[in-house]
1. Looking at 11, 93, which is the one that is surrounded by fewer than 20 Cβ atoms within 10 Å (Cβ to Cβ) and either modelled with pLDDT under 95 or assigned to a loop (DSSP other than H, G, I, E, B) (or both)?
2. Criterion first (within 13 Å of the chain's Cα centre (by Cα), outside any loop (DSSP other than H, G, I, E, B), over 24 Å from residue 111 (Cβ atoms) and modelled with pLDDT of 95 or more) does residue 82 satisfy it?
3. Looking only at the range 84-97, which residues are closer than 19 Å to residue 52 by Cβ, touching a residue at least 24 places away in the same chain (Cβ under 8 Å) and out of contact with any helix residue (DSSP H, G or I) (no Cβ under 8 Å at 6 or more places or on another chain)?
4. Which residue, of 66, 43, is within 17 Å of residue 107 (Cα to Cα), more than 13 Å from the chain's Cα centre (by Cα) and modelled with pLDDT under 95?
5. Hey, does the range 50-63 have a residue that's at pLDDT below 95 and in contact with a helix residue (DSSP H, G or I) (Cβ under 8 Å, 6 or more places away or on another chain)?
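The values are calculated or read from the model by the stated rules, or taken from the named source; none is laboratory data. For clarity, every value in this text was computed on a predicted model and none was experimentally measured. All Cβ positions, even for glycine, are placed from backbone atoms using ideal geometry, and neighbour counts span all protein chains on display.
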């Protein structure tokens, strides 16, 4: 039953599929940092500053909560995300689809206005 619910959440876009552990309902700050840094590199220059700033906020919050382990978590999530798009920057919209909304919510709840 649990796996069916997870599949439905992923299928409906309520649970991002790349870089999240099974049973996780939404991405954490390390995952959002990875997403925003990758999105900053994958989108045009007009969005770079806003996306990069969101990545910095996310990473700083992850470090505040998890200490030195946060950097490693972010790097691991980033590698998973890059693998999920086959290292093809033209597919960055797939990361947007999976992470944009839940990361915006996470950052907004933490007091940051996301891009």
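1. 11
2. yes
3. none
4. Unique residue meeting the criteria: 66.
5. Looking through the range 50-63, none of the residues is at pLDDT below 95 and in contact with a helix residue (DSSP H, G or I) (Cβ under 8 Å, 6 or more places away or on another chain).
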